[in-house]
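**Student:** Have a look at the structure that comes next, please.
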Amino acid sequence: MQSLLPTSIQIPKVLTIAGSDSGGGAGLQADLKVITALGGYGMSVITAITAQNTLGVTRIQDVDLDVVEAQIDAVLMDIGADIVKIGMLASPEIVRTVAKALRRHGVKRIILDPVLRATSGASLGGDDTAQAMIAELFPIASLITPNLEEASLLLGREISGPNDFKLAAQELLDMGPQAVLIKGGHLDSTHTQITDFLMWRSVEDELEVILTKEFKHYRVNTINTHGTGCTLASAIASYLADGHDLPHSVAKAIAYVEAGLEAGRFLSIGEGPGPLWHMHDFYPTALAKEKGI
């Protein structure tokens, strides 16, 4: 149905398809905070309801497949999306449902964060789910963003450090996505510098070429890291939707996450590792002594 009011202002529209985090630090709650903070219009499809807080996940309830599909249809048939970000898909059946719906709607830009392991180490999807992602979503993904444990699970072998990133990224790229970002944040804390490795397909002089870029940055000294993976993927999606190219979007997203980690260092949210601070540009945080009080 056509709107009754004329509209002339357009903002980037980002749809997140992900699980709900009752603690608010990760999942679609984090996604929507990021999209809003970066100037986009966020929409959501809930794939699972989790009971979780800063201490961990205590229960996961998948949403019925027909309800997942209906949410996708409702958003894309009316509002549409400039880009879709996919997070937690807890079963092979949900993976296939999401992939089928996105193909049916002709979605062209998809950022897939293959959420198989939470930052805390909790399992959020097994090998069957990983294989379904490879078969159904990798071929239509613009970018996948696995952490070290997820890359290891997807490849069936351990990815232990930056020296493994290039080969691992090439093997993942060969599975079908247009680009791969391997995140190095899960290296143990003795690694004070983090390397994220991006590999993507491009076209030069009508020929496909493979390009790579490393992003090196220092680890922020904080325990409040809940939701970093969701946040990074949503930030990349938001910057892409706003017209930035892929490497620029990744660089800006990494900087956004770093600022959120820095701003969240002293926040006290829950009894365990809390979230980064997504709204750092709007509500800065600092200790009293840092303010000169």
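**Student:** LYS13 - would you say it is charged (D, E, K, R), buried (at least 17 other Cβ atoms within 10 Å of the Cβ) and either in contact with a helix residue (DSSP H, G or I) (Cβ under 8 Å, 6 or more places away or on another chain) or modelled with pLDDT of 95 or more (or both)?
**Tutor:** So LYS13 passes the test.
**Student:** Pick from ARG157, ARG103: which is farther than 21 Å from GLY27 by Cα, part of a helix (DSSP H, G or I) and either open to solvent by 20 Å² or more (accessible area, probe 1.4 Å) or at pLDDT 95 or above (or both)?
**Tutor:** Testing whether each residue is farther than 21 Å from GLY27 by Cα, part of a helix (DSSP H, G or I) and either open to solvent by 20 Å² or more (accessible area, probe 1.4 Å) or at pLDDT 95 or above (or both) leaves just ARG103.
**Student:** Okay, next question. Which count do you get for residues in region 160-170 that are surrounded by fewer than 16 Cβ atoms within 10 Å (Cβ to Cβ) and closer than 19 Å to ARG201 by Cβ?
**Tutor:** 3
**Student:** Which residues, counting only those in region 142-154, are at pLDDT 95 or above and over 9 Å from PRO114 (Cβ atoms)?
**Tutor:** Once the filter is applied, which keeps residues that are at pLDDT 95 or above and over 9 Å from PRO114 (Cβ atoms), region 142-154 yields SER142, LEU143.
**Student:** Condition (residue is in contact with a helix residue (DSSP H, G or I) (Cβ under 8 Å, 6 or more places away or on another chain) and surrounded by fewer than 17 Cβ atoms within 10 Å (Cβ to Cβ)) applied to region 70-84: is it met by at least one residue?
**Tutor:** Yes: region 70-84 contains one or more residues that are in contact with a helix residue (DSSP H, G or I) (Cβ under 8 Å, 6 or more places away or on another chain) and surrounded by fewer than 17 Cβ atoms within 10 Å (Cβ to Cβ).
**Student:** Within the bounds of region 39-61, is there any residue that is modelled with pLDDT of 95 or more, in a helix (DSSP H, G or I), on the phi < 0 side of the Ramachandran plot and crowded, with 19+ Cβ neighbours inside 10 Å?
**Tutor:** no
One line per residue, one yes/no per condition, for (1) surrounded by 16 or more Cβ atoms within 10 Å (Cβ to Cβ); (2) over 22 Å from PHE165 (Cβ atoms):
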position	(1), (2)
HIS217	yes, no
ILE223	no, yes
VAL250	yes, no
ALA253	yes, no
GLY270	yes, yes
TRP277	yes, yes
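The values are calculated or read from the model by the stated rules, or taken from the named source; none is laboratory data. These figures come from a predicted structure and were not determined experimentally. Neighbour counts run over all protein chains shown; Cβ positions are idealised from the backbone, glycine included. Ligands, DNA and RNA are stripped out before the accessible areas are found, and what is left, the full protein with its side chains, is counted by its heavy atoms. Shrake-Rupley method; radii C 1.70, N 1.55, O 1.52, S 1.80 Å.
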